[in-house]
Amino acid sequence: MAATEQTIKQVNNLGSNDYKYGFSTEIDDIKSPKGLNEDTVKFISAQKNEPEWMLEWRLNAFKVFNKLPEPNWAKLNIPKINFQDYYYYSSPKSLKDKPKSLDEIDPDILKTYEKLGIPLQEQKLLSGVAVDAVFDSVSVATTYKKQLSDLGIIFCSISEAIKTYPDLIKKYLGSVIPVSDHSFAALNSAVFTDGSFVYIPEGVRCPVELSTYFRINAINTGQFERTLIVADKDSYVSYLEGCTAPMRDENQLHAANVELIALENAEIKYSTVQNWYPGDSEGKGGIYNFVTKRGACRGNNSKISWTQVETGSAITWKYPSCILQGDNSKGEFYSVAITNNRQQADTGTKMIHIGKNTSSKIISKGISAGYANNTYRGLVNIHSKASKSRNFTQCDSLLIGNKCGAHTVPYIESSNSDSMIEHEATTSKINEDQLFYCMQRGLNSEDAVGLIVNGFCKEVLQHLPMEFAVEAQKLVAISLEGSVG
Amino acid sequence: MLNIKDLKASIEDKQIIKGLDLSINKGEVHALMGPNGSGKSTLSYVLSGKEGYEIDSGSVDFKGKNLLELDVDERSNEGLFLAFQYPMEIPGVQTSFFLKTAINAKRKYQGLEEIDALEFAKLVKSKAEELSISPDMLKRDLNVNYSGGEKKKQEILQMSLLNPEMAILDETDSGLDIDALKIVSEGVNKLRNENNSFLVITHYQRLLNYIKPDFVHIIADGKIVKSGNFSLALELEEKGYEEISKTA
Ligand SMILES: Nc1ncnc2c1ncn2[C@@H]1O[C@H](COP(=O)(O)OP(=O)(O)OP(=O)(O)O)[C@@H](O)[C@H]1O
Ligand SMILES: [Mg+2]
């Protein structure tokens, strides 16, 4: 089931059958002037009618950005980025600039949509075709919001939250990822365009998987996304980001910041499927995806769990992390990263153990095919006060073909003698005998690879919400097409 | 059904099959016996198209098609099945899912719709019961931590689900206890009809007491050195390969 379909189902399950087709209004394309300077920041803030304090916050971030060098620890070959060469804000495109029909879309992309079973209407939406009848996202969101607001849950765009819930934003924005963390974080803080804000009040279990998909218009805000999720005491939320369908974006540079905060006894489960355009088989085009995701387990007994399936983008640079401050808090990171053709990924996690008796678990599955490079980079850091803390790390790499690379770079820093750290790592080639066995049972080589790789990733995929998991399995198979024989 | 003519095949520049002739008609069961290393498994791999084997000369005709030109999966979907001497473990892939995937691959090849979930469940349940494979087994990862005998039974389950026209059983009897041997043999006999054929590779006449072959062949050093009927298996049991080969 495609994500939108799923969300619509969920809305229906909530008892409202009244989403309807609406007409999207024609908006003139508004773009910020090209390039990056204080005026760009002011322009964005003004476009969003932000309060003065927010502008100040952005301008400060911009100052910090100017002082910071680009991070260079990753094993990536990143072309020199000219920050003056990009647009940092553009309002949704007007209908007349969009492709008129699916006929104008790359047939490869359409084929993939088909394989994923994405309905036609949604295909148009995803590929940016001008549609005059779309699901009226506003009405969907409104019904949905009512259900959530009855529970006291806040789920809205970050722009809206800045205006409506300034106290929460002031308190939490930038509290997990300091503006000065590294230059991409600072850049995002200065020029972020939109994203989601979630607040789950004390004692509330969010009854549905929250998905950015509810705000279909968010499709166009992927460039500098900013998401903030706060789970108050004793609450629970599961949040889904992204979608399995290949997403195109004319903006090559993406730098998202996602911050999670879990207070006492709270749990946040954050699942991502990332399938931005990877570029063609020669590596031309494709998104640079520089993501900073970090969660703070502030309260005792809190838990944050990241699950990611990364198949897209030309370059993925991403380390969803957990700061385990509360005693007995838990952090988890489950990751599948697939790179094919000329794709590069440098991804992993940081688990920072500060509270007593904290535990973390890292399961990473990296798959490389073609000429791709895939690096797991992880840090487990146990502070001196984090007594009786535990980490378990397992990193498995699978190579398909002999022109690709897999690298595992684990950093372990422990200042505590009664803590336990376990690390296991394997690297193997896809097993020819397994392939032969599957093909002897009638599977073609691509299906055989898909099956075996899905088996390899199972431990991670099973942590995805059910509907998402089925799609992700298809995606795993599709992203490796052409990697054998 | 299957017609092998003067087949010579090598692996890593070493010829293993050295001029082998074998003809199997519809409805026939042939047994292939021979000492360790004589090329029995190699023959089964060459026939099913495993990578790395070089065909030096000869031909293989399968149902009027040039078998050697087909891809591994095409051969399978055309009805050739190999029950492996050493079945592969596939971690993370549930057995029942694998079975369904294999069935659907064949159906797709035949231009049929995917099998209905309920129909599949029923089918697998009944076939598994016949082979006394427990439903729990089907929930486990394919062949992972299966015992030797359980793996062999799994091969026969797959065979009965795919219902091949030509099945090669490579030492399916090794590792089976006496009860399992009976069950597996019954499974094969049940499948057996006038339209399909079997090539049963074994070291022991015991299996052939259950699966009565129409022909018995003895292979030595990559060639069939003697062919006969069931009595050849009895003679072999008595005299051993050395003796038999002398009289060839
Ligand atoms: N990859 C390989 N490289 C070199 N020699 C090989 C290779 N595979 C098989 N052989 C050799 O080919 C010969 C035939 O092996 P094969 O497995 O076909 O024997 P078999 O008749 O099935 O024996 P068994 O009864 O023990 O199963 C053996 O000598 C074996 O060592
Ligand atoms: Mg053998």
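Nothing in this text is a laboratory measurement; each read-out follows from the coordinates by a stated rule. Note that the structure is a prediction, hence the values are computed from the model and not measured. All Cβ positions, glycine included, derive from the backbone under ideal geometry; neighbour counts span all protein chains shown.
Near A:Ala425, the amide H atoms lying under 5 Å from its own belong to A:Cys395; only residues 5 or more places off or on other chains count, and H is placed 1.01 Å from N. Mind scanning A:Lys145/A:Lys361; B:Lys5/B:Lys127; A:Lys80/A:Lys365; B:Lys108/B:Lys151 and naming the pairs with a C-alpha gap bigger than 32 Å? In this structure, A:Lys145/A:Lys361; B:Lys5/B:Lys127 exceed 32 Å between Cα atoms. Between B:Ile16 and B:Ala9, B:Ser10, B:Ile11, the built amide H atoms are under 5 Å apart, and every one of these is 5 or more places off in sequence or on another chain.
Across the stretch B:207-220, rounded Karplus estimates of 3J(HN,Hα) from the backbone phi angles (6.51 cos²θ - 1.76 cosθ + 1.60, θ = phi - 60°) give 4, 6, 5, 8, 9, 6, x, 7, 9, 10, 10, 10, 10, 9 Hz, Gly and Pro being marked x. Phi angles of the stretch B:139-148 translate, via the Karplus equation with coefficients 6.51, -1.76, 1.60 and θ = phi - 60°, into HN-Hα couplings of 8, 7, 5, 4, 6, 6, 6, 5, 6, x Hz per residue; Gly and Pro are given as x. Karplus-based coupling profile of the stretch B:123-132, in residue order and whole Hz: 4, 5, 4, 5, 5, 5, 4, 4, 9, 6, with θ = phi - 60° in 6.51 cos²θ - 1.76 cosθ + 1.60 and x standing for Gly or Pro.
Which pairs, out of A:Lys403/B:Lys139; B:Lys139/B:Lys190; A:Lys233/A:Lys458; A:Lys171/A:Lys388; A:Lys67/A:Lys233; A:Lys474/B:Lys65, put more than 27 Å between their alpha-carbon atoms? Display every interim value, and only then the final one.
Working: A:Lys403/B:Lys139 36 Å; B:Lys139/B:Lys190 25 Å; A:Lys233/A:Lys458 32 Å; A:Lys171/A:Lys388 31 Å; A:Lys67/A:Lys233 38 Å; A:Lys474/B:Lys65 34 Å.
As for pairs spanning more than 27 Å Cα to Cα, those are A:Lys403/B:Lys139; A:Lys233/A:Lys458; A:Lys171/A:Lys388; A:Lys67/A:Lys233; A:Lys474/B:Lys65.
Computed from the Cβ-Cβ distance with R0 of 30 Å, the FRET efficiency linking A:Phe83 to A:Ser175 stands at 0.70. Taking the helices alone, the protein assembly as shown has a mean residue ellipticity at 222 nm of -9500 deg cm²/dmol, built from -39,500 (n - 2.57) per DSSP H run of at least 4 residues and averaged over all its residues.
For a straight C-alpha distance cut-off of 16 angstrom, the lysines reachable from A:Lys34 (same-chain residues fewer than eight places away being disregarded) are A:Lys42. For A:Ser196, the residues whose amide H sits under 5 Å from its own are A:Ile158, A:Arg226, A:Thr227, A:Leu228, ignoring neighbours fewer than 5 places away on the same chain, with H placed 1.01 Å from N.
Contact order, relative form, for chain B: 28 percent (alpha carbon pairs under 8 Å, 6 or more residues apart, mean separation divided by residue count). Multiplying each eigenvalue of the alpha-carbon gyration tensor of the stretch A:345-485 by 5 and taking the square root yields semi-axes of 34, 16, 12 Å, largest first, rounded to whole angstroms.
What is the stretch A:415-476 by shape, rounded, prolate or oblate, if you read a ≥ b ≥ c off the alpha carbon gyration tensor as root eigenvalues and call it rounded for a/c under 1.5, prolate for a/b larger than b/c, and oblate otherwise? Walk me through the numbers on the way to the answer.
Details: a/c = 4.50, a/b = 1.68, b/c = 2.68.
Note, shape of the stretch A:415-476 comes out oblate.
Were the residues from A:Glu38 through A:Val409 laid out at 0.36 nm apart, the gain over their Cα-Cα distance would be 129.8 nm.
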